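Here's the structure, in structure tokens; my notes come after.
We did not get these values from a lab; they are worked out from the coordinates using the rules stated. Computed from a prediction, not measured in an experiment: that's the story for all the values here. Don't worry about glycine lacking a Cβ; one is built from the backbone with ideal geometry, like all the others, and counts go over all protein chains shown.
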Amino acid sequence: MGRVRKVEPAPGLDIEMGSGNVYKDLGFKNAEAMLARARIVAEIARIIRAKRLTQTAAARVLGLSQPKVSALLNGHFQGYSQERLIGLLNRLGCDVKIVVTPKPRSRAMGRVSVAFA
């Protein structure tokens, strides 16, 4: 991990520490699901880059049009369910494993998170 440097805010600006979920910080109701989808899309983009696929080649593999691949890679993933994004990971040659665990007592409700091996 990189070094952390301390930055002083400009006069008159307040800095607030984020929660680690930008969607939660912006007040979205389904923030955890949005973050999970964003992380899946980021992994799809990473795999496409690692395979050195053009958007046209990725579109063929994913079963999407090139403009839809472009939009997806530019962060426009509204309308894509987690299931559909997981299907795209499968098309890119990934196995996806869903693990369910009990929530800790300290939280009232369970949550969704995404981790990559």
Averaging over every viewing direction, what projected area does the convex hull of the Cα atoms of segment 23-91 cover, in nm²? 4.5 nm²
Among Glu83, Glu43, Glu32: highest mean-square fluctuation, GNM of the chain, C-alpha pairs under 10 Å: Glu83
Note down the Stokes-Einstein diffusion coefficient of the chain in µm²/s, whole number, using a Kirkwood radius over alpha carbon pairs, 25 °C, and 0.890 mPa s. 146 µm²/s
Please give the charge dipole size of segment 23-91, origin at the Cα centre, charges +1 on K and R Cβ atoms and -1 on D and E Cβ atoms. Round to the nearest 20 debye. 260 debye
Under 10 Å, Cα contacts only: if you run a Gaussian network model on the chain, which one of Gly27, Gly75, Gly87 comes out with the highest mean-square fluctuation? Gly27
Please compute the modelled spin-label separation between Ser106 and Leu13, points set 7 Å along Cα→Cβ, answer in nm with one decimal. 3.2 nm
So how far, in whole Å, is the C-alpha centre of segment 73-117 from the one of segment 1-25? 26 Å
Sites Arg84 and Val61, calculated FRET efficiency, Cβ-Cβ separation with R0 25 Å, nearest 0.05: 0.95
